[in-house]
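Here is the structure we will look at.
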Amino acid sequence: MSHPIDDTEQLIANAEAQMPPSTRSRLIAKLRMGRHIDDAAAELDIRPKQVFSTARILTPFGDQLDATLTEQRDPALPHGTVTGYNKRCRCPECRSALQQRV
């Protein structure tokens, strides 16, 4: 039988292996240069879904990712709405709006 702590440690280890610190740093740097997350992830040969999955598991990375996406978002978009998400915004507010709709 598996223990929850073992599962958590394995989940963290898998996330670290699939998206090591160097990849996470390069992703954040690309986002800060104005690249869209989909494009930045593709350049690093990772999927955006993997980025957000890793961000949920590795909380410090998730916090950094959310802060960067918030800082770099287009102020002209209606954030916190599905419209903002549909216009390619991936800030925490737009992602939350999409999740609330589902």
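The values are calculated or read from the model by the stated rules, or taken from the named source; none is laboratory data. Since the model is a prediction, treat every value here as computed from it, not as a measurement. We place every Cβ from the backbone using ideal geometry, glycine too, and count neighbours over all the protein chains shown.
Picking from residues in segment 67-95 that are surrounded by fewer than 17 Cβ atoms within 10 Å (Cβ to Cβ) and among the acidic types (Asp, Glu), the one that is nearest to Ala17 (Cα to Cα) is Glu71.
Check whether at least one residue in segment 55-62 is more than 30 Å from Gln10 (Cα to Cα) and either crowded, with 18+ Cβ neighbours inside 10 Å or in contact with a helix residue (DSSP H, G or I) (Cβ under 8 Å, 6 or more places away or on another chain) (or both), and report yes or no.
For segment 55-62, residues more than 30 Å from Gln10 (Cα to Cα) and either crowded, with 18+ Cβ neighbours inside 10 Å or in contact with a helix residue (DSSP H, G or I) (Cβ under 8 Å, 6 or more places away or on another chain) (or both): absent.
Only residues that are assigned to a helix (DSSP H, G or I) and aliphatic (A, V, I, L, M) were counted in segment 66-79, giving 2.
Residues that are of a type in the set (Ser, Thr, Tyr) and farther than 23 Å from Ala29 by Cβ within segment 69-86 comprise Thr81, Thr83, Tyr85, listed in sequence order. Restricted to segment 18-65, the set of helices (runs of 4 or more DSSP H) holding at least 2 residues that are modelled with pLDDT of 95 or more and hydroxyl-bearing (Ser, Thr, Tyr) comprises 21-32, 48-57.
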